[in-house]
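Notes to accompany the following structure.
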Amino acid sequence: MNYNEKVKICVDRLKHSKKIFVITGAGVSAESGIPTFRGKDGYWKNQSPQKLASPEGFAEDPKLVWEWYDYRRRLIKGCEPNPAHYSLSKLERKYDHFLIATQNVDGLHQRASSLNVVEIHGSIWEVKCTKDGKVEKNTETPLKELPLRCSCGALMRPNVVWFGETLPEKQLREIYDFIKTGDVDFTFIIGTSALFYYIIDWAQTVKNYGSFLVEINLDNTAISSIADIVFLNQAGIILPEITKQFI
Ligand code: OAD
């Protein structure tokens, strides 16, 4: 099947769909200038996830971890949503039931005006007190004092999910409530290496219920073999093409 045929099938399917589920990962923000985690220019190529994104790494060197988050916060603040984010936000306006489950902590879907976004790995723009767990919004860049401290004196940490930690319950429930009814017609899985079991589980669950599954990624992943259509291309090219023909 060639590229134009694939786009046409997606457009036809979307026209006949009522409920849309979207899973995104770092690849959807790559064209905004935000590095991904894996791959040749990814963070995990030269840096250690155990040191920078685990509770043990934070306990060992909170300043180092905060310096990395401060660097990423500054970088993200200087980036804008790209055509992939804007296409999803436009598409959402056409449906009563539309949910984006993102692994990204950058907030770019919301900045592109997407409404129903579940941040399953938390937000880089929130901080959490390590003593009482209180969460606060914090968009200051650069942060003045590193490691960041709460007014109670305890260390603050980024309100993100690190390796070895469980996903936030409320967000998990929102996703399962959305997909468990078995009526998702169309699912996009975009820009994720799909290495976490829950990503594969969500894609497999909607697929088992009969959802049409479309993957957009530069490379094949564990999802590709169950997807109905795979676009091996940039999300910022494919999504605008689909929405242009649909809307
Ligand atoms: P990864 O860095 O693992 O994967 C990014 C994916 O995006 C790869 O499969 C790329 O091929 C694809 N990609 C890159 N540019 C793209 C583009 N322009 N259009 C489409 N696809 C593109 O990122 P995630 O799958 O999001 O977690 O990683 C999942 C989690 O692992 C992250 O949330 C983070 C990381 O460690 C934590 O920090 C806990």
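In the chain, the DSSP-assigned H stretches of four residues or longer account for a calculated mean residue ellipticity at 222 nm of -11000 deg cm²/dmol, using -39500 (n - 2.57) per stretch and the full residue count as denominator. Segment 104-140 and segment 46-102 have Cα centres spaced 9 Å apart.
Taking every pair of distinct Cα atoms and averaging 1/r, then inverting, what Kirkwood hydrodynamic radius in Å comes out for segment 1-113? Walk me through the intermediate numbers first.
Numbers: mean 1/r = 0.0612 Å⁻¹.
After inverting the pairwise mean of 1/r, the radius is 16.4 Å.
Spin-label model, Lys131 to Tyr71: label points 7 Å out along the Cα-to-beta-carbon direction sit 3.0 nm apart. Three principal axis extents of segment 158-247 based on alpha-carbon atoms, in descending order, are 39, 30, 27 Å.
Short version: what are the Cα gyration tensor semi-axes of the chain, square root of 5 times each eigenvalue, largest first, in whole Å? Please list the in-between numbers first.
Working: eigenvalues 218, 66, 56 Å².
Equivalent ellipsoid of the chain: 33, 18, 17 Å, largest first.
With the simple spin-label model, which puts each label point 7 Å out from Cα in the Cβ direction, the Glu60 to Thr141 separation comes to 2.8 nm.
For the peptides 8-14, 44-50, residues were scored by their other Cβ atoms within 10 Å and the scores averaged per peptide; the highest-first order is 8-14, 44-50. Measure off, as a whole percent, the carbon and sulfur share of the 1.4 Å-probe accessible area of the chain, all protein chains present. Carbon and sulfur atoms account for 50 percent of the accessible area of the chain.
Among the GluC sites (Glu not before Pro) within segment 136-203, those in coil by DSSP and having at most 15 neighbouring Cβ atoms inside 10 Å are Glu140, Glu145, Glu165. Remark: segment 108-169 is approximated by an ellipsoid whose semi-axes, taken from the C-alpha gyration tensor as √(5λ), come to 22, 16, 10 Å, largest first. Around the amide H of His97, modelled in the peptide plane, lie the amide H atoms of Ile20, all under 5 Å away and 5 or more residues distant in sequence or on another chain. Taking a straight line from the alpha carbon of Lys40, these lysines sit under 25 Å away, with near neighbours fewer than eight places off in the same chain left out: Lys51, Lys77.
The values are calculated or read from the model by the stated rules, or taken from the named source; none is laboratory data. Keep in mind that this is a model prediction, so the values were computed, not measured. All Cβ positions, even for glycine, are placed from backbone atoms using ideal geometry, and neighbour counts span all protein chains on display. For accessibility, only protein heavy atoms count, side chains too; no ligands or nucleic acids. Shrake-Rupley method; radii C 1.70, N 1.55, O 1.52, S 1.80 Å.
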